Amino acid sequence: MNPDARIQAVTERIRARSRDSRAAYLAEIDAARGRGPLRRTLSCTNLAHGFAACPAGDKLALRSGPQPNIAIVSAYNDLLSAHQPLEAYPAWIKEAAREAGAVAQFAGGVPAMCDGVTQGQDGMELSLFSRDTIALATAVALTHNLFDATLCLGVCDKIVPGLLIGALRFGHLPTIFVPGGPMVSGLSNDAKAEVRKRFAQGLAGRDELLESESQSYHSPGTCTFYGTANSNQMLMEIMGLHLPGSAFVNPGTPLREALTREAARRVARLTALGDEYTPIGHVIDERAIVNGIVGLLATGGSTNHTLHLVAIARAAGIRIDWNDFSDLSDAVPLLARVYPNGKADVNHFHAAGGMGFLIRELLGAGLLHGDVLTVAGPGLARYAEEPWLDGDRLAWRDAPAESGDDSVLRPAAAPFAADGGLKLLHGNLGRAVIKTSAVAGKHRVIEAPARVFNGQEAVIAAFEAGELEHDVVVVVVGQGPRANGMPELHHLTPALSVLLDRGYRVALLTDGRMSGASGKVPAAIHVTPEVLSGGPLGKVRDGDRIRLDSTSGELVALVDPETWAGRELRLPDVSAHQHGLGRELFAGFRRLAHGAEQGGGIFFADV
């Protein structure tokens with residue numbers, strides 16, 4: 001089936017916008033393709049260093065054989081619950097590679113910080129920049145030029161985008177992403193959120209809060225709400241970089257191990273040494289990027305990907321912007337409700353039919369490009385299947401014909417909403433995005449007086465002092481990439497949710513990020529230009545009436561135009577955010593950072 005005309009129109013617009021930069025990228029990666037094992041371009045001294053520590057059999061293969069060599073790039077650490085399971089993967093991969101007539105080497109580790117640990121803390125100011133650090137570390141691992149393919153092991157928020165940006169700069173190499181899977185379900189997300197709100201009001205103590213959080217985040221695996229980490233896994237699947245059905249299989253299961261081993265065998269068949277050469281730079285094209293945005297919209301995924309997907313696309317020579325997200329949102333229905341857009345978690349989503357059901361529905365409705373290249377072969381149809389173990393043998397079967405729970409996952413003919421719930425806002429305050437898929441209809445349009453703050457700590461202090469007991473647009477400035485690294489402001493969610501529950505008309509407006517877990521409070525985020533770069537959000541004063549209309553896309557300060565034009569721009573004092581917890585090491589990142597709509601990173605200014 002040909003894609004819906006609206007999907008095709010956005011794709012063609014992206015293709016036209018990207019024509020020169022994409023052509024230059026493809027020329028670069030095609031020139032890098034080797035005509036034999038890439039290690040043969042190395043000198044004898046180079047190569048001897050490269051296999052010196054290998055077991056004898058691997059050393060012999062690398063020394064004289066035509067076998068492909070697979071790079072393992074991993075974000076393993078045992079601080080992150082999502083990444084702790086990756087400890088076992090290299091041994092499995094090496095064994096499976098040998099069975100496939102290949103060699104696998106652990107090429108490098110990349111840093112992996114946990115936003116759950118740093119949320120609301122100073123360390124969160126390094127979070128966004130950790131993405132580009134991970135991209136750099138991926139490049140360092142692969143720059144040895146010993147490898148014919150790559151396996152990227154990573155799961156969480158900035159880690160998968162960073163690995164993918166790095167891998168795309170080695171776009172001549174076939175690459176498969178190997179996930180860890182979500183932890184089994186614990187305390188429900190609704191119950192956890194209620195305790196957080198009670199704690200914000202002083203109605204619950206720290207012991208009760210810690211017990212609630214411990215019952216929610218309780219074992220190895222990814223957090224089970226549908227935030228950025230699980231949005232990453234959805235994206236890798238719908239963009240054709242996972243083995244089909246890999247995203248949400250729990251760690252510590254035989255199926256998870258079987259999929260990991262199969263990833264090694266499969267990538268060995270995708271190298272330039274065989275007949276199925278599938279470089280990642282050809283997998284990720286304009287159609288795959290559009291498919292990723294469609295998947296994000298159809299599932300109500302993380303707003304963080306309005307930055308990450310832009311940066312990922314630019315790494316492949318492709319230019320996208322927020323108009324593309326917004327226009328696609330008008331065409332794509334919401335098919336999933338997973339917390340914070342519903343009560344279920346990703347395990348419930350997976351059990352209801354998961355990615356296989358979702359992709360089949362989107363393909364059938366003409367909302368995806370089905371003619372893409374994937375690591376499973378040509379076409380996206382394989383991703384409408386799910387893996388299972390037939391005895392000890394890994395196999396795939398059709399995803400369920402019907403949703404197992406239509407309160408979690410629905411067919412395209414009966415969606416939860418007619419649009420994807422991600423809108424572009426613009427006006428005299430700049431450009432912003434808002435996620436409306438979890439916002440009640442009565443809160444889609446907010447007009448209220450502003451209260452301006454320079455950080456989330458000041459907002460919480462005002463809430464605790466009872467100063468926000470009225471209709472209010474909470475304006476938090478000085479939170480962009482150049483100001484303080486653009487930390488998530490998810491720490492504000494409990495307090496703002498309490499105000500909303502008390503019947504006030506409440507919204508958040510900021511040049512910072514919210515979170516993959518942003519929910520029912522209307523939040524106009526990522527305002528660009530940021531205030532430190534001269535953004536007009538710095539003109540807002542306490543008491544100005546702000547209109548935030550997610551139906552019309554309007555974001556305006558209702559101030560007399562002459563007064564507004566003559567008003568001084570107040571730049572935030574960011575001196576407190578320059579030092580401590582390593583922030584001084586990232587001064588160069590802050591100076592180089594692009595705006596949020598350009599991806600918020602330090603690379604590809606001219607793409």
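For first residues located in the range 189-202 and without any contact (Cβ under 8 Å) to a residue 24 or more places away in the chain, partners that are aromatic (F, W, Y) and lie 6+ apart or on another chain with Cβ distances below 9 Å do not occur. Filtering the range 303-344 to residues that are more than 20 Å from R131 (Cβ to Cβ), in a loop (DSSP other than H, G, I, E, B) and either without any contact (Cβ under 8 Å) to a residue 12 or more places away in the chain or over 17 Å from the mean Cα position of the chain (by Cα) (or both) leaves V332, P333, L335, R337, G342, K343. Does the range 72-86 hold any residues that are touching a Phe, Trp or Tyr at 6+ places or on another chain (Cβ under 8 Å), within 25 Å of F170 (Cβ to Cβ) and either of a type in the set (G, A, S) or surrounded by fewer than 21 Cβ atoms within 10 Å (Cβ to Cβ) (or both), and which are they? Matches in the range 72-86: S74 only.
Here L500, L509 are screened, and the one residue that is touching a strand residue (DSSP E or B) at 6+ places or on another chain (Cβ under 7 Å), more than 24 Å from D190 (Cβ to Cβ) and either touching a residue at least 40 places away in the same chain (Cβ under 8 Å) or outside the structural domain of R591 (by TED's automatic domain parsing) (or both) is L509. Restricting the range 188-198 to residues that are buried (at least 17 other Cβ atoms within 10 Å of the Cβ) and among the hydrophobic types (A, V, I, L, M, F, W, C), the residue that is modelled with the lowest pLDDT is A193. One residue stands out among those in the range 1-55 that are part of a loop (DSSP other than H, G, I, E, B) and of a type in the set (A, V, I, L, M): the one that is farthest from P66 (Cα to Cα), which is M1. For E568, the criteria (1) closer than 30 Å to A440 by Cα; (2) not in a helix (DSSP H, G or I) hold in every case but one, which is (1).
As a summary of the residue check, E262 satisfies the conditions (1) more than 23 Å from the chain's Cα centre (by Cα); (2) crowded, with 23+ Cβ neighbours inside 10 Å; (3) within 20 Å of R393 (Cβ to Cβ) except for the one numbered (2). Which one is surrounded by the fewest Cβ atoms within 10 Å (Cβ to Cβ), of the residues in the range 265-289 that are under 27 Å from L362 (Cβ atoms) and in contact with a strand residue (DSSP E or B) (Cβ under 7 Å, 6 or more places away or on another chain)? Among them, the one singled out is H282. Reported count of residues in the range 518-527, each being out of contact with any His (no Cβ under 6 Å at 6 or more places or on another chain) and over 19 Å from H577 (Cβ atoms), is 6.
Being over 12 Å from H350 (Cβ atoms) and assigned to a loop (DSSP other than H, G, I, E, B) is the filter here, so list the residues in the range 384-402 that pass it. Residues satisfying the conditions are G391, D392, A401, E402. Can you work out which of the residues in the range 29-55 that are of a type outside the set (F, W, Y) and in contact with a Leu (Cβ under 6 Å, 6 or more places away or on another chain) is modelled with the lowest pLDDT? Among those residues, the one meeting the criterion is R39.
The values are calculated or read from the model by the stated rules, or taken from the named source; none is laboratory data. Here the structure is a predicted model, which is why all the values come from computation and not from measurement. Don't worry about glycine lacking a Cβ; one is built from the backbone with ideal geometry, like all the others, and counts go over all protein chains shown.
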